[in-house]
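Heads up: the structure comes next, in structure tokens.
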Amino acid sequence: MVKIPKITRRKAMYLGGATLATTLLTGWLKQPKSLKTYAARKELIYGAAAAYSKLSENQEFAKRFIEECAILTPENDLKWHKIHPKPNQYDFSRGDWLIEFAKRHQLQMRGHNLVWHQSLPKWLKETANPQNAESILKDHIMTVAGHYQGLIHSWDVVNEGIEVRDGHPLGLRKSPWFQWLGKDYIDIAFRVAAEADPNALLFYNDYDLDYDLPHQNAKREAVFNLLKSLKEQGTPIHGLGLQAHLSGPETRFNAEKLRQFLADVASLDLKIMVTEMDVHDRGLPYDYEERDRRIAEVYEMYLSTVLEEPNVIGVLTWGLSDRYTWLSKHRPRNDNAPVRPLPLDREFKPKLAWESIARSFDSK
């Protein structure tokens, strides 16, 4: 087995950016290694999010995705506005293409997502009310999860249902679904998903669970209480998804607090996946070598903590290459330099972030 050398912060600073990148990567890339192989050795699954449009149009990207990943999350192609554009119309064309792509290349597939407060079609907002929302929700989940029954590794059944700043005593987000159905919409969604796709793992997925900040500490507590309540009432939930949209400049990370949270979640007999990981570089220096080094450190810091929890079963980044990342639009740099948040650069070559992820898997 090829061992990845441990590179300390001190040594990294000594070697410098370009020299460090060459030192670390040149030898390894001669070996037929990938993030999915490093993950699989430790009984983990690695993958990434990718859109139908990118995989179908860019053969080089598709090739690299197949080489690096064992599981695929469709970015937006299974969300309500894409798959259920009209009240009585479903469009499975993109999802079906992705399923066939995954099957052809022996990838597993995640379902993202069945219930969210965003990406809702205009018709839903105009027609749903407390009287009909439950039947609309059930029909959507039965139709979508039922269409892909037996083909999905895990569903993000409910996405981002907690927002403590909304002021609900349980920390629940006052989303359209909450306004229409109250807190029971979460239980309803999981029960219908279990009926529609009984062999899939069913996850609750959320963000801002990573740092030692007052809001995130409160959110972790609210998420744990939600999961505990669902388990106590017999809701068929199997896991928690940590989105892990991390910040390059942020330093308020408390490994012990995160370990304890994950242990608490695991004590509920729930699996854990990192589902949407990336590291934004807004606020980091312009110099791309320095940025890459700092971003790689964040990946390794986070994963070295999370992967200590035995109930963690997988890691997915929200994108594979810097060429295709939501952060270009949603978290651009003030200096307008291209963002560099992902394991591969814009030319689909591994960066130091790739090395940090691989080493985190290798040392688990």
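The values are calculated or read from the model by the stated rules, or taken from the named source; none is laboratory data. What you see is a predicted model, and the numbers here were worked out from it, not measured in a lab. Every residue, glycine among them, receives a Cβ derived from its backbone with ideal geometry; neighbour counts consider all protein chains shown. Ligands, DNA and RNA are stripped out before the accessible areas are found, and what is left, the full protein with its side chains, is counted by its heavy atoms. Shrake-Rupley method; radii C 1.70, N 1.55, O 1.52, S 1.80 Å.
Structure values in brief
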quantity	calculated
The chain: DSSP helices with Cα axial extent of at least 24 Å and average Kyte-Doolittle hydropathy no lower than -1.0	214-232, 288-306
Alpha-carbon spread of region 117-182, three principal axes, descending order, Å	39, 28, 18
Placed amide H near residue 208: partners under 5 Å, 5+ positions off or other chain	244, 245
With every protein chain in place, region 154-225: carbon and sulfur % of accessible area (1.4 Å)	49 percent
Charge dipole (debye, nearest 20) of the chain; +1 at Cβ of Lys and Arg, -1 at Cβ of Asp and Glu	800 debye
Region 295-364 versus region 258-276: alpha-carbon centroid distance in Å	20 Å
Additional length obtainable on full extension of the chain from residue 363 to residue 269, 0.36 nm per residue less Cα span	31.4 nm
Distance between region 214-241 and region 132-195 - C-alpha centres, whole angstrom	14 Å
When region 75-211 is reduced to its Cα atoms, the Kirkwood hydrodynamic radius in Å	15.4 Å
Residues of region 67-96 with amide N under 17 Å of a point placed 7 Å along Cα→Cβ from residue 119	72-86, 90-96
Interchain or long-range residues, amide H under 5 Å from residue 172's placed H	163
Computed over region 293-333, Cα set: Rg, Dmax in Å	12.8, 36
When the convex hull of its Cα atoms is projected in every direction, mean area for the chain (nm²)	17.7 nm²
Spin-label model distance (nm) - residue 60 vs residue 334, 7 Å beyond Cα toward Cβ	3.4 nm
Residue 73 long-range amide H proximity, modeled H, under 5 Å	48, 49, 50, 110
Cα convex hull of region 211-306 - mean projected area over all directions, nm²	6.3 nm²
Cα radius of gyration and Dmax for region 266-364 (Å)	14.1, 46
The chain, helix-only ellipticity at 222 nm - DSSP H runs n ≥ 4, -39,500 (n - 2.57), divided by all residues, nearest 500	-13000 deg cm²/dmol
Dipole magnitude of region 83-230 about its Cα centre (Cβ charges: Lys, Arg +1; Asp, Glu -1), debye to nearest 20	160 debye
Region 170-246: equivalent-ellipsoid semi-axes (sqrt of 5 x gyration tensor eigenvalues, Cα, Å)	22, 15, 11
Accessible area per residue, Å², the chain with all protein chains present, probe 1.4 Å	42 Å²
Accessible surface of region 259-302, 1.4 Å probe, proportion on carbon and sulfur as whole %	47 percent
